[in-house]
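Undergrad: Quick one: the structure is below, questions incoming.
Laboratory data are not the source of any read-out in this text; all were calculated from the coordinates shown. Only a predicted model underlies this, so the values are computations on that prediction, with no experimental measurement involved. Counting neighbours? That spans all protein chains shown, and the Cβs are built from the backbone with ideal geometry, glycine included.
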Amino acid sequence: MGHIIKKIVGDFDNDPYYDKLTVEDNENGQIHIHAKNIRLDMYRPEYNVFYRALKEAYKNLNEQRQ
């Protein structure tokens, strides 16, 4: 695990057991997504693709609800 340089979502200092969703950018070029006992590691380019896909899916779901 690398040194955290940016907290994207959540805060390890206030939630050390990752009970809530936490996303951290680390100095080793990895993004760590934590949710309880699940950890997903991605490099920044992979995370950017994942993030854009989630935003697009969220937008599509909202459009279907209308």
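Undergrad: Tell me, yes or no, whether region 14-34 has at least one residue that is exposed (fewer than 14 other Cβ atoms within 10 Å of the Cβ), part of a strand (DSSP E or B) and touching a His at 6+ places or on another chain (Cβ under 8 Å).
TA: Within region 14-34, not a single residue is exposed (fewer than 14 other Cβ atoms within 10 Å of the Cβ), part of a strand (DSSP E or B) and touching a His at 6+ places or on another chain (Cβ under 8 Å).
Undergrad: Now a separate question. Of the residues in region 6-25, how many are over 11 Å from the mean Cα position of the chain (by Cα) and within 14 Å of ILE38 (Cα to Cα)?
TA: Of the residues in that region, 5 qualify.
Undergrad: Within region 35-49, how many residues turn out to be in a strand (DSSP E or B) and either hydrophobic (A, V, I, L, M, F, W, C) or touching a residue at least 24 places away in the same chain (Cβ under 8 Å) (or both)?
TA: Qualifying residue count for the region: 4.
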